[in-house]
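Each reported figure results from applying straightforward, stated rules to the coordinates on display, with no laboratory input. Because the structure is predicted, anything quoted here is derived from the model rather than measured. All Cβ positions, even for glycine, are placed from backbone atoms using ideal geometry, and neighbour counts span all protein chains on display.
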Amino acid sequence: MVVFVDTSAFYALMTLDDPNHRAALAQWDIWQKSDEIPGLQTSNYVVLETISLIQNRLGLEAVRSFQGEIIPLITIQWVTDSLHAQGVATLLAAKRRRLSLVDCMSFVIMRHFSIDTAFAFDRHFTEEGFHLYPNGV
C-alpha cells in the first residue's frame, strides 16, 4: 500500500499542541511498529510548504528534526512541468479561493501515481474522493 503524506499530517506530527497531534503520532507509531509499513510518499511542494510552516511557527531546530528524522522515511515525488500545469489547471477549474495550489498538486500526483489514500487532516482530500489515515478523520 502507498500513502500520500500531506502537510497537515507532517505538521501534526511535529507540533505537540496541534489538535491532531495525538492521532498523527498514534498512526505514525502503528506504521513504525508494523511489519507492513506503507510506502509513504509526498511531493516536493508539500515538503516546501511544511518546512516553511515549521520554520515560521516552530523554528529552525524543528526544521532540522523534520529534515533529519521524518523526511528520510518518505519518498518525494518531484513535480514536473507537466504535473505543475495540471495542478494549476485543477486550481483554476475548482474556482475555490481556500483550495491551495499545493493541495491541487497533491491531488494530481495522487491520481498520477494511483494513490487513493492520504495521511492528512485536511477535508479537501475527502472532498476529492480520497481515503484518509487516520481512519475517520
Can you find, among 84, 11, 120, the residue sitting farthest towards the positive end of the charge dipole of the chain, where Lys and Arg contribute +1 and Asp and Glu -1 at Cβ?
84
Helix axis angle, 81-94 relative to the chain longest principal axis, alpha carbon, degrees
80
Using the Karplus equation 6.51 cos²θ - 1.76 cosθ + 1.60 (θ = phi - 60°), what ³J(HN,Hα) coupling, rounded to whole Hz, does each residue of the range 43-56 give in order, writing x for Gly and Pro?
10, 5, 5, 5, 4, 4, 4, 5, 4, 4, 5, 5, 4, 5
What residues qualify as long-range amide H neighbours of residue 40, i.e. H under 5 Å apart, gap of 5 or more or another chain, H built at 1.01 Å from N?
3, 75
Between helix 101-112 and the chain, what is the angle of the helix's C-alpha long axis to the longest principal axis, kept within 0 to 90° and rounded to the nearest 10?
90
Relative contact order for the range 1-63: what is it in percent, counting Cα pairs under 8 Å that are at least 6 residues apart?
40
Calculated from the structure, Cα extents along the principal axes in Å equals which of (i) 46, 32, 22; (ii) 58, 45, 25; (iii) 38, 33, 26?
(iii)
Taking the Cα centre of the range 2-133 as origin, sum charge times position over the Cβ atoms of Lys and Arg (+1) and Asp and Glu (-1), and report the length of that vector in debye to the nearest 20.
420
Rel. contact order, % - alpha carbon contacts under 8 angstrom, at least six apart, the chain:
31
Would you please give the residues with an amide H less than 5 Å from that of residue 79, counting only those at least 5 places away or on a separate chain, with H modeled from the backbone geometry?
44, 45
